[in-house]
Amino acid sequence: MVATSVNSAFFLAAPSEYPAKGTKHVNGTTNLGVMKSKPTSGALKVKVNAQAPPKINGSSVGLRTSSETANTGDIAPSPPPRTFINQLPDWSMLLAAITTVFLAAEKQWMMVDWKPRRPDMLIDPFGLGRIVQDGLVFRQNFSIRSYEIGADKTASIETLMNHLQETALNHVKTAGLLGDGFGSTPEMTKKNLFWVVTKMQVLVDRYPTWGDVVQVDTWVCGSGKNGMRRDWLIRDLKTGETLTRASSVWVMMNKLTRKLSKIPEEVRGEIEPYFLNTSPVVDEDNRKLPKLDDSTADYVLSRLTPRWSDLDVNQHVNNVKYLSWILECAPQQILETHELSAITLEYRRECGRDSILQSLAKISGDRTGLEAESCEVECQHLLRLESGPEIVRARTEWRPKEKKNGAFSAERA
């Protein structure tokens, strides 16, 4: 009887005149015991007595009723068989993750110099320069910006001086010698000491133009018993041409007393391993700088006052600002027909925010006429407080600008 019930559930049998053995007719309905079957519209209707549908692999499996079949129309396609391949993760997501990891690793690889000559050689991943030549020379590149050029369409001398100052500080930082002070080592900071420049010489062979990239090398060595010399070499990155050479002498000053100080042994032990004992890139100009006054100067510019932006972290006027004040007093005729080729600066003392200064200038020799346009010119300068004390003595040398089509290359104002 059980077999009969199962067969009748899966196959629609034709009506039979004779009922099966063991069955009983009740009002035209065949009683199958656990199942009741009543033909309706030519189809067999099956009803299960309170039995849960069977499960295969944890999923309920049941039979569609005639009403469900009518609602869905055609039989829905069966899902693809479960195989090893379609159970793997999404390959596109996996490949994207692998690509991200490799790109990050490549970026880190490019930021590190894997061929140092010494273990203490460093490279700054943010483009602030790197240590080269056995860890004794610092190198940094600069792009000449549009706001760094002047009327001559070339970089100004102040721009070059700022590059010199920037590389000097980055050298100390990259070498790991930067303490809490501005360019001071840890031992200098403990003893309230900082560096001050006493003399600087700059020779300019050619000024870079807008868009040029220059490479600045700088290094240090000893100068006497209590001094340090720092040299710079500026080249055109593309051609390797030397553009500017500069040399300077530095000494230590006490931040509290504002007096010069000897180099302590602890500080000497910090800086001497980085000394590169070479000759200066600029031959020292030992000519004495004369003192100017109101009676000997040809030009005097008074009432110069520093702005807040002219001060450095040590609360005295930045060295580059001194140069700007000196050049402001240069004759207009020289500025239009000549360009600065060399400058020597001797720093005598510092000045602060409340200082009022004068800039004095004198042309060496009798070259104030029109003939000065075709020959070199030398000037003497003095920057002093209006009360009398000297700040900077200087000498500038000027060469004629190149002429193009009978006019000077620089556009005149």
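Within region 337-350, at least one residue is buried (at least 20 other Cβ atoms within 10 Å of the Cβ), over 30 Å from GLU402 (Cα atoms) and modelled with pLDDT of 90 or more.
For region 274-309, taking the residues that are hydrophobic (A, V, I, L, M, F, W, C) and under 18 Å from CYS379 (Cβ atoms), the one that is surrounded by the most Cβ atoms within 10 Å (Cβ to Cβ) is identified as LEU292.
May I ask you to verify whether LYS262 is without any contact (Cβ under 8 Å) to a residue 12 or more places away in the chain and of a type outside the set (Val, Ile, Thr)?
On the way: without any contact (Cβ under 8 Å) to a residue 12 or more places away in the chain: no; of a type outside the set (Val, Ile, Thr): yes.
No; evaluated as a whole, the condition is false for this residue.
Regarding region 310-330, can at least one residue be identified that is open to solvent by 60 Å² or more (accessible area, probe 1.4 Å) and in a loop (DSSP other than H, G, I, E, B)?
Residues of region 310-330 that are open to solvent by 60 Å² or more (accessible area, probe 1.4 Å), as a first pass: 313, 315, 328.
Still in the list and also in a loop (DSSP other than H, G, I, E, B): 313, 315.
Checked against the condition, which is being open to solvent by 60 Å² or more (accessible area, probe 1.4 Å) and in a loop (DSSP other than H, G, I, E, B), region 310-330 yields at least one hit.
Applying a threshold of 8 Å to beta carbon distances and a minimum spacing of six or more residues, or different chains, the list of pairs starting in region 122-134 at a residue that is over 18 Å from PHE275 (Cβ atoms) and of a type outside the set (D, E, K, R) and ending at one that is in a loop (DSSP other than H, G, I, E, B) and at pLDDT below 90 reads ILE123/MET111; ILE123/VAL112; ILE123/ASP113; PRO125/MET111; PRO125/VAL112.
Hey, any hits in region 362-385 for a residue that's without any contact (Cβ under 8 Å) to a residue 60 or more places away in the chain, of a type in the set (Lys, Arg) and in a strand (DSSP E or B)? Yes, there is a match, as at least one residue in region 362-385 is without any contact (Cβ under 8 Å) to a residue 60 or more places away in the chain, of a type in the set (Lys, Arg) and in a strand (DSSP E or B).
Checking THR244, THR218 one by one, the residue that is more than 24 Å from HIS316 (Cβ to Cβ) and in contact (Cβ under 8 Å) with a residue 60 or more places away in the chain is THR244 and no other.
Checking each residue of region 185-204 against the condition of being surrounded by fewer than 19 Cβ atoms within 10 Å (Cβ to Cβ) and within 26 Å of the chain's Cα centre (by Cα) gives at least one match.
Among residues of region 153-176 being more than 21 Å from ASN319 (Cα to Cα) and modelled with pLDDT of 90 or more, the one that is surrounded by the fewest Cβ atoms within 10 Å (Cβ to Cβ) is LYS153. Within region 125-144, the set of residues being open to solvent by 50 Å² or more (accessible area, probe 1.4 Å) and either assigned to a strand (DSSP E or B) or at pLDDT 95 or above (or both) comprises ARG130, ARG139, ASN141. Please find, among GLY179, GLY240, GLY222, GLY211, the residue that is surrounded by 15 or more Cβ atoms within 10 Å (Cβ to Cβ) and outside any strand (DSSP E or B). After ruling out the rest, the residue left standing is GLY179. Of all the listed residues (LEU345, LEU360, LEU301), the sole one being among the aliphatic types (A, V, I, L, M) and over 30 Å from MET252 (Cβ atoms) is LEU301.
The values are calculated or read from the model by the stated rules, or taken from the named source; none is laboratory data. Every value quoted in this text rests on a predicted model; they were computed, and no experiment measured them. Here Cβ is always computed from backbone atoms with ideal geometry, including for glycine, and neighbour counts include all displayed protein chains. All accessible areas refer to the heavy atoms of the entire protein, side chains included, with ligands and DNA or RNA removed. Shrake-Rupley method; radii C 1.70, N 1.55, O 1.52, S 1.80 Å.
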